[in-house]
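These notes are about the structure you will find just below.
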Amino acid sequence: MGWWEVSADTLAGSRFVLSPLAETIAALKTLHRGTAAHPGEGAWLARHGPAYRGRLAGDPVTAALIRAALGYRWNATFLTPTPAAERTAEPPSFTDELAAVRATSADTARADLAVSLAGRPLPGPLRRAGDLPERTAGLLEWVWQEAVLPYWPRRRRVLEADVLARSAQLSRGGWTAAMDGMRPGMRWLGANRLQITADDHPPRELAGAQLLFVPVTPRQSWVSWDVRPAPGGHRSAVVYPCSGALAGIGRVAVPEALGALLGPARAGVLALLGTPKSTTQLVALTGQGLGSVGRHLRVLLDARLVGRRRAGRSVLYFRTAAGEALVAAQCDG
């Protein structure tokens, strides 16, 4: 079992952050794996998978590089740098984050690849190539431009909604609740111990380090930490997939009769409120504008089908008993 010893001060200073580079790495891992976790991801993979495979087919050295970098049980460290943790409203730019990959030396990249290959020999072309970090950065840049950037505004709303949901869980039940189901094998053990994976890895002490939690929309997860201290001190990060319905970036199925009764858009909002959600989450999940979601919520509140409560700085909406009965009746019918 792999676990981190997290001091109370480190946990208190933990933060959720967004990272365009982490989203791109998660997309790269999904493209390379070639299988989808849900229908929305399947449609995206069908659209971009052939171009990705074609790019690697035309560049055998980069193909060998990415196979080695994604490893067998561990990613090459230089491929997954720990995100920055600036306290700004905007996430860092993809270009700024990618600079950390480009700044890696070829020798460091080869050493990281040797670890990710878990004792298997480094392919000959990778032993000779002196531009491994630049090749990696070039492929990540291609994935960002072709397969992530066109969807980034939508994905960013979903990521922000997930952070709001986790923050609400944190305010209600502490870090134990916020980390629940965050990534496979991860759970709070108590006594300052955070289990990161069920695999057998040596424990790590995070005293004095920044601990970051980074959501991504693809069904991918990994951990990273600074091998060399950053200017602000050591950082460690847990990259995790958005939870539940947020990961699908799709709409819930709305019973036809419920849509006829309330209107499809308003019925979609009510259907999503089986678990409490903020307006930001509803905007992300429905694709409707903030004004439209607000109007639907006002009507549902006036009809007493929906209630609301404050969680920290967020207002969460939920179905009332009457709303639950209405949705259940239409689903049963």
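What to note about this one:
- Of the numbered criteria (1) part of a helix (DSSP H, G or I); (2) more than 25 Å from the chain's Cα centre (by Cα); (3) under 20 Å from V223 (Cα atoms); (4) among the hydrophobic types (A, V, I, L, M, F, W, C), the one L126 fails is (3).
- Test: residue in the range 79-93 that is at pLDDT 95 or above, in contact with a Pro (Cβ under 6 Å, 6 or more places away or on another chain) and among the hydrophobic types (A, V, I, L, M, F, W, C): no
- None of L290, L285, L258, L273 is open to solvent by 30 Å² or more (accessible area, probe 1.4 Å) and not basic (K, R) except L290.
- One residue stands out among those in the range 60-80 that are assigned to a loop (DSSP other than H, G, I, E, B) and open to solvent by less than 40 Å² (accessible area, probe 1.4 Å): the one that is nearest to L113 (Cα to Cα), which is A76.
Rundown of residues vs (1) within 30 Å of V299 (Cβ to Cβ); (2) of a type in the set (D, E); (3) modelled with pLDDT of 80 or more, yes/no style:
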{"site": "P202", "(1), (2), (3)": "no, no, no"}
{"site": "A207", "(1), (2), (3)": "no, no, no"}
{"site": "W225", "(1), (2), (3)": "no, no, yes"}
{"site": "R235", "(1), (2), (3)": "no, no, yes"}
{"site": "C242", "(1), (2), (3)": "yes, no, yes"}
{"site": "A247", "(1), (2), (3)": "yes, no, no"}
{"site": "R266", "(1), (2), (3)": "yes, no, yes"}
{"site": "V269", "(1), (2), (3)": "yes, no, yes"}
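- Checking D107 against (1) farther than 21 Å from L149 by Cα; (2) surrounded by fewer than 18 Cβ atoms within 10 Å (Cβ to Cβ); (3) within 24 Å of the chain's Cα centre (by Cα), the condition it does not meet: (3)
- A100 vs. criteria open to solvent by 30 Å² or more (accessible area, probe 1.4 Å), within 19 Å of R235 (Cβ to Cβ) and in a helix (DSSP H, G or I): yes
- Comparison of T30, T10 shows that the only residue that is in contact with a Gly (Cβ under 8 Å, 6 or more places away or on another chain) and either part of a helix (DSSP H, G or I) or open to solvent by less than 10 Å² (accessible area, probe 1.4 Å) (or both) is T10.
- Qualifying position, being open to solvent by 40 Å² or more (accessible area, probe 1.4 Å), touching a residue at least 12 places away in the same chain (Cβ under 8 Å) and closer than 29 Å to T286 by Cβ, among P39, P20: P39
- Candidates are the residues of the range 168-181 that are open to solvent by 50 Å² or more (accessible area, probe 1.4 Å) and not hydrophobic (A, V, I, L, M, F, W, C); the one that is nearest to R55 (Cα to Cα) is G181.
Table: residues versus (1) in a strand (DSSP E or B); (2) in contact with a helix residue (DSSP H, G or I) (Cβ under 7 Å, 6 or more places away or on another chain); (3) open to solvent by 40 Å² or more (accessible area, probe 1.4 Å); (4) touching a residue at least 60 places away in the same chain (Cβ under 8 Å).
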| residue | (1), (2), (3), (4) |
| --- | --- |
| P150 | no, no, yes, no |
| P184 | no, no, yes, no |
| W188 | yes, yes, yes, no |
| P202 | no, no, yes, yes |
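- Of all residues making up the range 283-321, the number that are among the small types (G, A, S) and either touching a strand residue (DSSP E or B) at 6+ places or on another chain (Cβ under 9 Å) or closer than 17 Å to V158 by Cα (or both): 5
- A191 being over 23 Å from A36 (Cβ atoms) and touching a Ser or Thr at 6+ places or on another chain (Cβ under 8 Å): no
- Scanning the range 118-148 for residues that are in contact (Cβ under 8 Å) with a residue 60 or more places away in the chain, more than 25 Å from L45 (Cα to Cα) and open to solvent by 20 Å² or more (accessible area, probe 1.4 Å) gives a single hit, P125.
- Criterion violated by V115 - all others in (1) open to solvent by less than 80 Å² (accessible area, probe 1.4 Å); (2) on the phi < 0 side of the Ramachandran plot; (3) among the hydrophobic types (A, V, I, L, M, F, W, C) satisfied: (1)
- Residue satisfying all of: in the range 20-53; modelled with pLDDT of 95 or more and of a type in the set (S, T, N, Q); nearest to Q145 (Cα to Cα) among these: T24
- Condition met for A84 (surrounded by 12 or more Cβ atoms within 10 Å (Cβ to Cβ) and part of a loop (DSSP other than H, G, I, E, B)): yes
The values are calculated or read from the model by the stated rules, or taken from the named source; none is laboratory data. Being a predicted model, the structure only gives us computed values, none of them experimental. Every residue, glycine among them, receives a Cβ derived from its backbone with ideal geometry; neighbour counts consider all protein chains shown. Please note that ligands, DNA and RNA were not included when accessible areas were found on the heavy atoms of the full protein model with its side chains. Shrake-Rupley method; radii C 1.70, N 1.55, O 1.52, S 1.80 Å.
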